[in-house]
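Every number here is computed from the coordinates shown, using simple stated rules; none is lab data. Please read all numbers here as calculations on a predicted model, not as lab measurements. Note: ideal-geometry Cβ built from the backbone for every residue, glycine included; neighbour counts use all protein chains shown.
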């Protein structure tokens, strides 16, 4: 099976990962992180960046088959969920959401997904 590592000038590869990996039929997007107020962090940063990485990979929000969300604080769940529902097209894909230690100082959310290519 061949794989294509996806990156661009806006989403460059890092020493530890690439923004996405495309294999026949699927795109695996690395987590997109954000800082700040949770609604803005969810919509304007994490989800918007995930959308752009999907499009860079030849996919789209409509082709997502699974989303994983990691929150720095579960008290942010309701506000995150409101922004999430407002951003993503219907019908919503399956989703998991759990609390995790932030990977960086000030990170409030990380979102990753798997989508059809």
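Roughly what would the spin-label model give for residue 82 and residue 95, points 7 Å off Cα along C-beta, in nm?
With each label point 7 Å from Cα toward Cβ, the separation is 1.4 nm.
Using only the alpha carbon atoms of the range 27-117, find the Kirkwood hydrodynamic radius as the inverse mean reciprocal pair distance, in angstroms to one decimal.
Values: mean 1/r = 0.0781 Å⁻¹.
One decimal place: 12.8 Å for the Kirkwood radius.
Explain nothing, just the number: relative contact order of the range 32-116, from Cα pairs under 8 Å at least 6 residues apart, as a whole percent. Show your work: numbers first, answer last.
Working: 141 pairs, mean separation 41.2, N = 85.
Worked out over the range 32-116, it gives 48 percent.
Under the rule of -39500 (n - 2.57) per DSSP H run of 4 or more residues, summed and divided by the residues of the chain, what mean residue ellipticity at 222 nm is obtained, to the nearest 500 deg cm²/dmol? Write out the running numbers ahead of the final one.
Numbers: 2 runs with 20 residues, N = 117.
Rounded to the nearest 500, it is -5000 deg cm²/dmol.
Angle check, please: helix 77-87 long axis (alpha carbons) against the longest principal axis of the chain (alpha carbons), in degrees 0 to 90, nearest 10.
Helix 77-87 sits roughly 50 degrees off the main axis of the chain.
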